[in-house]
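Throughout, read-outs are computed from the coordinates displayed, never taken from laboratory work. Since this is a predicted model, take the numbers as computed values, not measurements. We place every Cβ from the backbone using ideal geometry, glycine too, and count neighbours over all the protein chains shown.
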Amino acid sequence: MTQALLALADGRVFRGEPCGATGEAPGEVVFNTAMTGYQEIMTDPSYRGQLVCMTYPLIGNYGINPEDMESSRPWLSGFIVKEACPYPSSWRGRTSLDAYMKEHGIVGIQGIDTRALTRHLRDQGAQAGIISSVEGDAARLVERVRAVPSLVGRDLVREVTAEAAYGWAEGTWDLRRGYTEPAAARFRVVAFDAGIKRNILRRLASLGCALQVLPAGTPAEAILEMKPHGIFLSNGPGDPEPVEYLIRTVRALAGRVPIFGICLGHQILGLALGGTTYKLKFGHHGANHPVKNLLTGGVEITSQNHGFAVDPGSLERVGVEPTHVSLNDGTCEGMRHRELPVFSVQYHPEASPGPHDADYLFQAFIALMEGEKGG
């Protein structure tokens with residue numbers, strides 16, 4: 001079949017050409033405004049259960065390389081592009097986007113009007129969809145889309161978290177040397193893997209953290225037995241509310257060990273402290289989101305990938321104050337407790353892909369641990 005279809009739950013259908021693996025892929029359709037970093041996006045576990053539309057028109061220009069993976073494999077359900085570059089050019093590239101998608105069974109569609117799709121999702125909201133390169137009847141495909149489950153209420157963390165604990169000993173990338181040796185360890189840090197990206201671990205390791213990465217279901221008692229100097233709550237996919245086991249664990253640990261959360265970890269921390277979360281209309285997915293730091297008045301350009309947010313109105317009564325706010329829609333992008341050594345941000349300071357404006361947050365976590373440790 002030389003045609004591929006993208007059907008949405010509201011009945012809108014886009015016709016294009018297949019790319020990647022042959023078959024069908026259901027999921028929530030979202031758009032990402034990053035111009036580069038498609039490989040990091042594909043291998044970010046936060047995209048579990050989603051069909052990702054890239055707004056930049058030509059994707060795959062520099063191919064795929066082994067160094068830029070953010071996990072062991074791609075996690076997104078399907079990929080939507082205007083054009084998948086068939087002839088990539090980069091000294092680092094090892095294979096093409098199309099070949100990589102075929103290798104990992106990722107179904108895609110190209111040749112559609114991604115600008116029209118993005119505007120539709122912006123106006124109507126993220127919604128269920130199916131990419132198919134085997135079904136030619138659009139009406140039948142639309143009917144099947146309506147049976148695709150919502151991300152609301154689904155625990156996707158169980159699908160992406162590590163099966164067992166593991167250590168991490170790789171530092172950040174250097175153009176001449178590749179990935180470097182981490183700095184000498186000064187802090188024992190436990191990182192909850194709710195879908196963690198590798199570059200987060202690299203940044204922490206480069207700042208002297210001896211890392212132990214644990215499955216999201218690890219209980220608080222086991223954490224305290226390890227006597228960590230700090231706890232990191234990672235990014236991850238979907239709705240935070242069903243991840244009750246991690247919320248309970250974080251609630252038990254808050255105030256006993258310094259905690260830093262990113263993305264889903266920010267939402268988990270908000271729920272553990274007594275706040276609430278809600279689903280955004282179409283989420284934040286891109287590498288160019290402006291955020292205002294309420295503590296300094298400065299503005300950061302950030303990398304973001306989330307479909308849920310912490311309700312800032314629920315924070316005041318639980319002793320938590322917002323520290324960062326989105327300049328696009330005013331949503332909460334960061335918070336800290338007024339008394340406990342815990343803080344978090346909704347965006348990705350480690351970038352990969354994206355800007356490094358917020359890298360100082362890793363240093364803030366180090367400073368917090370130093371203060372609690374006594375220098």
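Could you check the range 317-366 and list, in sequence order, the residues that are of a type in the set (Lys, Arg) and in contact with a strand residue (DSSP E or B) (Cβ under 8 Å, 6 or more places away or on another chain)?
Step one: list which residues in the range 317-366 are of a type in the set (Lys, Arg), which gives 317, 336, 338.
Listed by number, the residues that qualify are ARG336, ARG338.
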Seminar exercise, completed: Considering residues that are among the hydrophobic types (A, V, I, L, M, F, W, C) and over 17 Å from ASN32 (Cβ atoms), the number found within the range 86-101 is 2
Problem set entry | Residues within the range 70-108 that are in contact with an Asp or Glu (Cβ under 8 Å, 6 or more places away or on another chain) and over 15 Å from CYS19 (Cα atoms), tallied | 4
Exercise. Pairs, please: C-beta under 7 Å, at least 6 apart or cross-chain, first residue under 25 Å from TYR245 (Cα atoms) and in the range 202-219, second among the acidic types (Asp, Glu) and surrounded by fewer than 18 Cβ atoms within 10 Å (Cβ to Cβ)?
Worked result: PRO215/GLU163
Seminar exercise, completed: How many residues of the range 43-100 are out of contact with any Cys (no Cβ under 9 Å at 6 or more places or on another chain), surrounded by fewer than 24 Cβ atoms within 10 Å (Cβ to Cβ) and part of a helix (DSSP H, G or I)? The answer is 5
Seminar exercise, completed: Filtering the range 124-140 down to residues that are in contact (Cβ under 8 Å) with a residue 60 or more places away in the chain, out of contact with any strand residue (DSSP E or B) (no Cβ under 6 Å at 6 or more places or on another chain) and assigned to a helix (DSSP H, G or I) yields GLN124
Seminar exercise, completed: In the range 173-201, anything of a type in the set (D, E, K, R) and out of contact with any strand residue (DSSP E or B) (no Cβ under 7 Å at 6 or more places or on another chain) is listed as ASP174, ARG176, ARG177, GLU181, ARG186, LYS197, ARG198
Seminar exercise, completed: Taking the range 142-171 and keeping only residues that are of a type in the set (A, V, I, L, M, F, W, C) and under 16 Å from the mean Cα position of the chain (by Cα), one is left with LEU151, LEU156, VAL157, VAL160, ALA162
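Filter the range 275-316 down to the residues that are in a strand (DSSP E or B) and farther than 21 Å from VAL29 by Cα and list them by number. Even if it seems obvious, please write down each step before you answer.
Residues of the range 275-316 in a strand (DSSP E or B): 277-293, 299-310.
Those that are in a strand (DSSP E or B) and farther than 21 Å from VAL29 by Cα: PRO290, VAL291, LYS292, ASN293, VAL299, GLU300, ILE301, THR302, VAL310.
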Problem set entry | Matching residues, the range 257-307, being charged (D, E, K, R), surrounded by fewer than 22 Cβ atoms within 10 Å (Cβ to Cβ) and either farther than 14 Å from GLY238 by Cβ or in contact with a Cys (Cβ under 8 Å, 6 or more places away or on another chain) (or both) | LYS281, LYS292
